[in-house]
Each structure stands twice: as structure tokens, then as C-alpha cells.
1. So for the range 86-105 (the condition being modelled with pLDDT of 95 or more, part of a loop (DSSP other than H, G, I, E, B) and near the ligand (Cβ under 10 Å from one of its atoms)), does at least one residue qualify?
2. Of all residues in the range 54-67 being touching a Lys or Arg at 6+ places or on another chain (Cβ under 8 Å) and not basic (Lys, Arg), which is farthest from the ligand (Cβ to nearest atom)?
3. In the set Glu88, Glu98, which member is acidic (Asp, Glu) and surrounded by 12 or more Cβ atoms within 10 Å (Cβ to Cβ)?
4. Can you name every residue in the range 106-125 that is closer than 21 Å to Ile33 by Cβ and assigned to a helix (DSSP H, G or I)?
5. When the residues of the range 34-53 are narrowed to those that are of a type outside the set (Gly, Ala, Ser), more than 14 Å from Leu115 (Cβ to Cβ) and without any contact (Cβ under 8 Å) to a residue 60 or more places away in the chain, which ends up nearest to the ligand (Cβ to nearest atom)?
6. Hey, any hits in the range 52-67 for a residue that's among the basic types (Lys, Arg), farther than 18 Å from Tyr107 by Cα and either at pLDDT below 95 or not in a loop (DSSP other than H, G, I, E, B) (or both)?
7. Filter the range 64-79 down to residues that are touching a helix residue (DSSP H, G or I) at 6+ places or on another chain (Cβ under 8 Å) and free of Cβ contacts under 8 Å to residues at least 40 places away in the same chain and give me whichever is surrounded by the fewest Cβ atoms within 10 Å (Cβ to Cβ).
8. Check Pro72, Pro128 and return the single one that is part of a loop (DSSP other than H, G, I, E, B), more than 10 Å from the ligand (Cβ to nearest atom) and of a type outside the set (Ser, Thr, Tyr).
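The values are calculated or read from the model by the stated rules, or taken from the named source; none is laboratory data. Just so you know, these numbers come straight off a predicted model, no measurement behind them. Glycine gets a Cβ as well: all are built from the backbone with ideal geometry, and neighbour counts include every protein chain shown.
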Amino acid sequence: MKSSTWPVALLLSTLYCGDPLADPEVQRQRSQIPQEHQPGFDRFIENNCHACHGLKGDGNGPLNSSGRFDIPDFRNPASYRHGATVSEIRNSIEFGVEGGRTGMQAYQNIPPEHLNTIAEYIHYLQAP
Ligand code: HEC
């Protein structure tokens, strides 16, 4: 690496450590989403949903690398077990999944308007 690129590399790594949205892979995924759903995607990342649900919502996040959790594919409406409409999705996020096989906890720390944008983003994944 040329010495003149070091400051840039340092800046990028600092940004990356402080902000998950600055991860280049996250940015690449974000750029493929219509603008209206990008805020929902941002909240999805900020709340670390992608750790289990994956950047694409396919259920293959790093926390599920062992395949231990049985996580639905958000892109396939038939794979949802707790309802695939916007309001049902919102419910799953706010109250968690009853009898959940794993760590789908209730996210009552997320403000209502953010719950809506996340639910709309997940719903959009069914028919992008
Ligand atoms: C620790 C891993 C983990 C994290 C983090 C996580 N989830 Fe989940 N989620 C799951 C699992 C596992 C299920 C399936 C549970 C079941 O059906 O028993 C699930 C189910 C869901 C469902 C219901 C899907 C259906 O089958 O109807 C929604 C919606 C959802 N998650 C959204 C989110 C959102 C939004 C976030 C971030 C705020 C999040 N999850 C964070 C593991 C996780």
C-alpha cells in the first residue's frame, strides 16, 4: 500500500468500527434498495438484525453460520411462521416470537416509527 493511502485506510477503518452502516458490504447492499426503503434498511442494520437475518434477509447472518437457528427467509412469504403482512411483521419485532426457537426477542427499545420503517422494509423484500 502506498504510504499516501494510509490516512484514508485509517479513516475508513475508524468509520467502520464506529458505524456498521459504513461497512462496504453493507453499503453495496444498501445501494440496491429503492431510496424509500433505505431508512428501514438502516434501522435493520443499526439494531443488528442482520447478525441473524443476514444482509439480504435470507436468514444466513453470521450468528447463524452453524445453521443452528431455523430462521425464515424474508424474501419468501411462505417461509414466515408469524405472518408476512407489514403489521404482523411489526408485531413479531415489537413483541418477539412466542415460543421462539431462539433469540427472536421483543425489541421494545425500538421507537414505534422505526418499527414501522423496518417492517415496511422487510415486507418489501418479499417482492423487490
Ligand atoms: C439472535 C438472532 C436474531 C436477531 C438478532 C434477530 N432475530 Fe428475528 N428471528 C430470529 C429467529 C431464530 C426467528 C424465528 C423464530 C421462530 O419462528 O421461532 C426470527 C423471527 C423474526 C421475525 C418473524 C418471521 C416469521 O417467521 O414470521 C421477524 C419479523 C424478525 N425476526 C425480525 C427481526 C428484526 C427486525 C430484528 C432486529 C430488530 C431481528 N429479527 C433480530 C432470530 C433473530
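1. Checked the range 86-105: no residue is modelled with pLDDT of 95 or more, part of a loop (DSSP other than H, G, I, E, B) and near the ligand (Cβ under 10 Å from one of its atoms).
2. My answer is Asp58.
3. Going through Glu88, Glu98 in turn, the sole match is Glu88.
4. Glu113, His114, Leu115, Asn116, Thr117, Ile118, Ala119, Glu120, Tyr121, Ile122, His123, Tyr124 - these are the residues of the range 106-125 that are closer than 21 Å to Ile33 by Cβ and assigned to a helix (DSSP H, G or I).
5. So, considering only residues that are of a type outside the set (Gly, Ala, Ser), more than 14 Å from Leu115 (Cβ to Cβ) and without any contact (Cβ under 8 Å) to a residue 60 or more places away in the chain, the one nearest to the ligand (Cβ to nearest atom) is Cys52.
6. No - not one qualifying residue is present in the range 52-67.
7. So the residue we want is Phe69.
8. Within the list Pro72, Pro128, the selection yields Pro128.
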